[in-house]
Structures are given as C-alpha cells and as structure tokens.
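A short write-up of the structure that comes next.
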Amino acid sequence: MTSSLQVSALGLLPTSSSSSSYSCCRTGKINAAIHVPKLPKAPFSIPKIPTTRKMIDELNNRRVDGFTNTIPVLQNINFTTTPFVDDIKAQNSIAFVSTQLYSLLEAVADRVEMHANIGKQRDNWNTLLLNSINMITLTAATMAGVAAIGGTGMPHLALKLSSTLLYFAATGMLLVMNKIQPSQLAEEQRNATRLFKQLQSQIETMLALGATTKEDVKDVMERVLALDRAYPLPLLGAMLDKFPAKFEHATWWPSHQLLRKKTKSHERKQRENNGWSEELEVEMRDIVEVVKRKDSKDYERLGNLVLKINKILAISGPLLTGIAAVGSACVGNGSWAAIVAVAAGALATTANAFQHGGQVGMVFEMYRNNGGFFQLLQETIEATLEEGDLEKRENGELFEMKVASQLGRSLSQLRELARKSASYRLDGTAIDEFASKLF
C-alpha cells in the first residue's frame, strides 16, 4: 500500500511538492522517508551579535555630548563597600561582642557560686575552730586545777601532762586561727559574692539593651580581674594581709575605670544640656565634701581602732595559752603554778571568745568595704564633673538619683544635705549628720 504525504518546510502542512511512501515488507518492517525541500537563501545578511563585554567596552569608549566613560566597566565596581555588606559586617561584629559578653557572664555567674560556697565554708571554720579551741582550753584548765589538789603519784602526773599538751595544742591552733582570721575571710567572700552579683546584673542589662561595643567587653573583663585581686580565693600566697600597718579601704574597681577625657576649653555652650546645670554641679561638689569630711574620715578612724583591738587580741590569746601551758607543767611545785595555769586558761578563753565570737575581723573587713564604697562614690562624682563635654556625661537627673539612692536619701534630702555643706563652707556652720543613711 502506498500513500503520499506532503510536508511544508515551515508549517509541516501537506503540499504537492513532496511525498512519502510506506511499504510493507514480508519481514514486517516499515520503511518511511520524509523529503524536506531546501529553503532559498535570504536576500539580506544577519549581523553577528557582539558579546556583552565588547558592548560595554564600546559604550565606554564612545563620546556622548563631550562626556566619556558614561557606563563604568563592571570590573571597576567595588562590591565590598555596598551598604548591604556594611550592614552584614556590623551585625556580625555586634553578634561577636554579644557572644563575648555571654562568655564573661558565665564566668561571673561561676564566680558568684564559688565565692558563696567558700564564704559558707570559712564561716563554718570560724564556728568550729572557736568552739574547739575554747573546749580544749577549758578542759586543760580543769585538769590543771584537779592536778593541783590531787596530791602526788601517777594520776597527778597524767593530769598535769594532759593539761600541758592541751594548752600547747590550743596555742598552735590559736596562732593559725588568728593568722587567717576566718570571720574576716567569710566577710571577704560575702562582699565578693555581692559585687559579682552586681556585675552580673549589669552585664545582663547591657545585653538586654543591645548595642554593645568592644569597649564594654574590655571594661567588664577589667572589672572581673579587679574583683579577683580584691577578694582572692586561695589562702596561701594570695591571702590579704589581716594586720596591715594602717587601715586601708578595699579597692575592687580598675584604677583607670573612672578616667575621662578632660577638655581644656573653658567655654561651655548650653550649660543645661543633658540634664546638667551649674546648680547640680555645685550640689555634687558639696556632697563630695560631706562624704570626705564625715563618712570617710569616720570609717578610717573606726577601722584603725578595730585594727588595734584585733592585733591586741590576736597576740593575747596564744600568749595566755602558752603561759598556761608553762604553769600547768609546773603544777605541784608551788601554789602559784596552779593559779597561773587556771587563770591564764580562763583569760585565754575569754580573749578568744571576744575576738572570734565577736568576729572582730569581720567588723574590720566591713569597715574596709564601707571605706571603699565611699572612695568609689567620690571618684565617680569627681570624674563625672571633670568631663568637659556634657554630652559624654551620664544624664544629670539620672546621676543625681543614683547618688541619692546609694546614700539612702531622697532627692529632697540630698539637696538639703548639699545646702548644709554650702553653709559650712561659707559660714562655718557644723554639719550634724553623715552623708550616708545606710551605714
């Protein structure tokens, strides 16, 4: 069977110029042929399209109204300085700073836990050592008294020897206890815990507000290290001197934390800018004078007094137990030996109970911490007032409120105190109160 199929070159529609024939073979194969006519050549030529790079080069080399290079070459465009890339870099920098602050926050939280645990431990030291030494001393005094009235023989020797050994043991324990001052050690750790908690809350506030900088990270790191130096954890090699030559306040802030740039210009525009005014600056200076003249001076006096008392008691306890040990060893050689052994033991117990039961070392450390608080307040106010650029200062109204809250006063009470300080400076009227109402 044969059929014709006419196919057009463009639309594949049947025409009379071509035909296809189908033939079936005995083998079952089908042969098909499609004949497509050749198209005639077009009477015009199609130009070659130049590449994009050549087009840009040609356009750059053309002159339009006297201007050249109207379209820049792509290779001269700096894609690294686009605003989008800058925003990404800024976001990455802020994220990295936040990560650093979170790492410091974890370290500070760990220090809070360490100082709290060690503070409890050293407070237990004070209680256990105090009770143990007093029981040993009283037992030794009792044995010495019984040996004095017990006559002679082996029981007398045993009581006398036991009493002497107990007194020597109490002397050695008292020397160690007076050297480390467990009550003062516990107060140091309590203060460190409080200050690290304060720093922890400040870091959390910075992270909540956002917009942290590398300077914030550096400042936090320096404050952590300053606290580590002020309140060390180990006893050997790093323990603070419990009996310094004179009273010195505690310092737990970096020495350069409060330094500000001082401007040389004496002309200030907009004196009431950023919440500051001439009256507020005078008020802050008057407050500093009261703190220096009353609070700091009084705590320095009390600190030196407590330091002297603690030194006397620290020497008296071991000295009395040592005398009692010698007297106990001489019991039986005269009535004076028994009197010395029993009386010295009783006095040693009294001195030990007054020193460590009354926690004189803790009181001394409390005065050191309070003195440091007033010193930090003075330096903060003075550094703020020395800053010539009012915009770089903390807001004046907010700063005044912080000072009032730290001193335990309302704003009206703070201003009244400043007026009293001004009256003292001008008229010599004595101030009958301290700046702080908290301690």
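Couple of notes before you dig in:
- Stokes-Einstein D (µm²/s) once Rh is taken as the Kirkwood radius of region 366-439 over alpha-carbon pairs, at 25 °C in 0.890 mPa s: 179
- Between region 367-398 and region 281-344, the C-alpha centres lie 35 angstrom from each other.
- Karplus-derived 3J(HN,Hα), 6.51/-1.76/1.60, for each residue of region 320-335, Hz, glycine and proline x: 5, 5, x, 5, 5, 5, 5, x, 5, 5, 9, 4, x, 9, x, 5
- Rolled with a 1.4 Å probe across the full set of protein chains, the surface gives Arg415 an accessible area near 100 Å².
- Shape summary of region 104-194, radius of gyration then Dmax from alpha carbon positions: 20.2, 70 Å.
- Of the solvent-accessible surface of region 394-439, computed with a 1.4 Å probe and all protein chains present, 54% belongs to carbon and sulfur.
- When Ile381, Ile312, Ile94 are compared by accessible area of protein heavy atoms, the largest-first order is Ile312, Ile94, Ile381, using a 1.4 Å probe.
- Modelled FRET efficiency - R0 56 Å, Lys437 with Thr99, Cβ distances, 0.05 increments: 0.85
- Modelled label positions at Ser335 and Thr142, each set 7 Å beyond Cα in the direction of Cβ, lie 2.5 nm from each other.
- As a length-normalised measure over Cα pairs under 8 Å and 6 or more apart, the relative contact order of region 363-439 settles at 25 percent.
The values are calculated or read from the model by the stated rules, or taken from the named source; none is laboratory data. Everything numeric here is computed off the predicted structure, so don't read it as measured data. Ideal geometry is used to build each Cβ from the backbone, glycine not excepted, and the neighbour counts take in all protein chains shown. Ligands, DNA and RNA are stripped out before the accessible areas are found, and what is left, the full protein with its side chains, is counted by its heavy atoms. Shrake-Rupley method; radii C 1.70, N 1.55, O 1.52, S 1.80 Å.
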